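Everything below concerns the one structure shown next.
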Amino acid sequence: MESLGAKFIAVEDEEFKQAETAAGYAKEMSKDYQAKQAALVAEHIKKQDIVVTTALIPGRPAPRLISKEMVTSMRPGSVIVDLAVERGGNCELAKPGEVADVNGVKIVGHLNVPGRIPASASSLYAKNLYNFLETLIDKKEKTLAVKWDDEIVKATMLTREGAVVHPSFAPKECSLEPMMKLIRSIFSVRPRESGDPGLLVQTHPSAALGPRFRGDERWGCGADIVR
């Protein structure tokens with residue numbers, strides 16, 4: 001955005017400095033920050049002719065940035081393009097799949113915007129891929145030269161030398177304790193009298209696992225779990 005001459009409007013306090021996740025996405029801000037940001041946006045938006053909103057938070061509805069009051073403060077003929085409308089929208093009055101008109105202010109809520117401008121979308125996507133791959137190549141030697149410490153490489157690398165290295169996909173410690181607690185809550189478990197390494201398991205009277213598994217109708221089920 002800044003390369004095109006645009007400027008960000010934000011309350012640049014300590015919370016703002018921590019507003020990005022390790023993956024580069026926005027985090028949900030505190031209620032106090034949202035109130036300060038809304039006041040700042042309201043002051044600026046009434047002076048603008050065109051507003052484009054893109055704010056998204058992974059796994060959450062789009063944050064509401066433009067209220068009804070902000071829309072009505074804009075001059076007739078102004079345009080708001082809500083690119084987050086598929087996830088609920090950044091603008092309170094945006095309507096998915098429609099162009100709403102509020103006192104002469106048009107609110108564009110087109111769905112699948114990249115599909116409406118395929119040539120431009122494909123060109124921008126291709127440029128992103130090229131710029132990414134360019135960082136992995138030694139242009140002079142014309143060979144693969146991955147900079148393992150590069151922040152983009154570290155953020156996109158899933159595996160290296162046979163191991164999963166990305167923190168979001170790294171294997172986590174697996175414990176059987178939750179399953180054992182569940183088993184204990186349903187079954188009466190005691191060592192088998194034969195002394196072999198198995199366990200003798202019998203359900204409580206309240207447990208009913210279905211007639212297919214019933215060994216004793218009085219108890220609901222009788223079964224062996226052999227480890």
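The values are calculated or read from the model by the stated rules, or taken from the named source; none is laboratory data. Only a predicted model underlies this, so the values are computations on that prediction, with no experimental measurement involved. Surface accessibility is based on the protein's heavy atoms, side chains included, excluding ligands, DNA and RNA. Shrake-Rupley method; radii C 1.70, N 1.55, O 1.52, S 1.80 Å.
A compact table of results
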| quantity | calculated |
| --- | --- |
| From phi via Karplus (6.51, -1.76, 1.60), per-residue ³J(HN,Hα) for segment 102-113 in Hz, x at Gly/Pro | 10, 6, x, 8, 8, 10, 7, x, 4, 8, 6, 4 |
| Solvent exposure ordering (accessible area, 1.4 Å, most first) of H166, H44 | H44, H166 |
| Eligible lysines near K106 by straight Cα distance, threshold 24 Å, same-chain separation 8 or greater | K7, K46, K47, K68, K95 |
| Tail beyond 16 Å, pair distance distribution of segment 89-176 (Cα, percent) | 73 percent |
| Per-residue ³J(HN,Hα) for segment 38-43, Karplus 6.51 cos²θ - 1.76 cosθ + 1.60, θ = phi - 60°, Hz, x for Gly and Pro | 4, 5, 5, 5, 4, 5 |
| Sequence-distant residues sharing a close amide H with I80 (under 5 Å, placed H) | V51, K106, I107, V108 |
